[in-house]
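Participant: First, the structure itself, so that you have it in front of you.
The values are calculated or read from the model by the stated rules, or taken from the named source; none is laboratory data. Quick caveat: nothing in here was measured; it's all calculated off a predicted structure. All Cβ positions, even for glycine, are placed from backbone atoms using ideal geometry, and neighbour counts span all protein chains on display. SASA here: full protein model, heavy atoms, side chains in, ligands and nucleic acids out. Shrake-Rupley method; radii C 1.70, N 1.55, O 1.52, S 1.80 Å.
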Amino acid sequence: MKVNFLAIIALALTLTACAGNKNAEEELVNTNQSAQQMYEEAKNVLDSGLYNRAIELLKAMESRYPFGPLSRQVQLDLIYAYYQSGDTTQSLASIDRFIRLNPNHPDLDYAYYMRGLSNIKADENSFQEFVGIDRADRDMSSTKQGFEDFKILVSTYPNSKYANDARKRMFAIKEKLVRYELLVADYYVRRGAHLAAANRCKYIVEYYRDSPQVEQALKIMVESYDKLGLAKLRDDAKAVLLLNFPNALN
């Protein structure tokens, strides 16, 4: 009988490929482990700070026990592991999925807290932050969303153990957002776009009135309205400035 060596080689390659593509669950965990044992192993790895390895183990467990009693906790641990590993895209996707599928879960406060943290981290440039360069001039869309996430947390779950930290972070975010608006206003001033500059500062006065940087915003408004020849708006801004900061123009 004539043997088709090409067919044999092709079959061998196919079997090798199949063997190399074993289910991640089979490669990562002992098939005899119970759900509790698998979870304890993954949790120990997570607590040790080996976040990428923890993600592998947690995903394997999620695949094997998608509806088990530990499934929701595994999802929450995955959120944390993704966040700590720096994968904010996966962290945010996992959080949104958890909130959507578990609208009444007792740990929703944690989910919103982690969403706030993940959105802030998504906007961070680690190198710039490390060397102390002010990055308030960057795009702040995710940071603004983080502020809204914390706002949901403190308003919906005021007694949550994460609420106090969320409030502190909201204050810090607010100051970053004010600096961002001031930097944009200054950009407009330097290019002669005085109306745009005044509008940016008006936004600060209206929405961040408790910020100490409101004084600078009002000064830019006075200057911008003066350049535009808008005497009444200039005088109104100046009156507000002197009422709140009597020595502002000294």
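Participant: For a paramagnetic label modelled at 7 Å from the Cα of Ser141 toward its Cβ, which residues of segment 76-98 fall within the zone defined by backbone nitrogen distances under 15 Å?
Facilitator: So the set is 89.
Participant: Given the pairs Lys176/Lys219; Lys43/Lys176; Lys144/Lys202; Lys59/Lys151; Lys168/Lys219, which span a C-alpha to C-alpha distance of over 25 angstrom in this model?
Facilitator: Working: Lys176/Lys219 19 Å; Lys43/Lys176 35 Å; Lys144/Lys202 18 Å; Lys59/Lys151 30 Å; Lys168/Lys219 28 Å.
Result: Lys43/Lys176; Lys59/Lys151; Lys168/Lys219 exceed 25 Å.
Participant: Express in whole angstrom the spacing between the alpha-carbon centres of segment 87-127 and segment 150-178.
Facilitator: The two parts, judged by their Cα centres, are 14 Å apart.
Participant: If you take all C-alpha pairs in segment 39-102, what percent of them are over 17 Å apart? Show your work: numbers first, answer last.
Facilitator: Details: 657 of 2016 pairs.
Tail of P(r) above 17 Å: 33 percent of Cα pairs.
Participant: Let me ask something else. Net charge near Pro158, counting Lys/Arg +1 and Asp/Glu -1 over other residues with Cβ under 11 Å of its Cβ?
Facilitator: Numbers: positive: Arg167; negative: Asp109.
With Lys, Arg at +1 and Asp, Glu at -1, the net is 0.
Participant: Could you give the nm distance between label points at Ser71 and Asn250, where each point is 7 Å from its Cα heading toward the beta carbon?
Facilitator: Once both label points are built, they end up 6.8 nm from each other.
Participant: Under the Karplus relation 6.51 cos²θ - 1.76 cosθ + 1.60, θ = phi - 60°, what is the ordered set of whole-Hz ³J(HN,Hα) values for segment 75-90, x standing for Gly and Pro?
Facilitator: 4, 5, 5, 5, 4, 5, 5, 4, 4, 5, 7, x, 8, 5, 4, 5
Participant: Grab the beta carbon distance between Lys151 and Ala93, set R0 = 25 Å, and tell me the FRET efficiency rounded to 0.05.
Facilitator: Values: r = 21 Å, r/R0 = 0.85.
For Lys151 and Ala93, the calculated efficiency is 0.70.
Participant: Across segment 62-70, in residue order, what do the Karplus-derived ³J(HN,Hα) couplings come to in whole Hz, using 6.51 cos²θ - 1.76 cosθ + 1.60 with θ = phi - 60° and x for Gly and Pro?
Facilitator: These are the phi-based 3J(HN,Hα) values: 4, 5, 7, 10, x, 10, x, x, 9 Hz.
Participant: Under 20 Å from a point 7 Å along the Cα-to-Cβ line of Ala193: which residues of segment 225-249 have their amide N that close?
Facilitator: Output list for this probe position: 225-230.
Participant: Stretch Ser85-Glu124 to full length: gain in nm at 0.36 nm per residue minus the Cα-Cα span? Mind showing how you got there, number by number?
Facilitator: Details: separation 39, 0.36 × 39 = 14.04 nm, distance 1.41 nm.
Stretched fully, the Ser85-Glu124 segment lengthens by 12.6 nm.
Participant: Sort Tyr83, Tyr203, Tyr188 by accessible area with a 1.4 Å probe, largest first. Before the final figure, lay out the partial values.
Facilitator: Numbers: Tyr83 40, Tyr203 85, Tyr188 65 Å².
Highest to lowest solvent-accessible surface, that is Tyr203, Tyr188, Tyr83.
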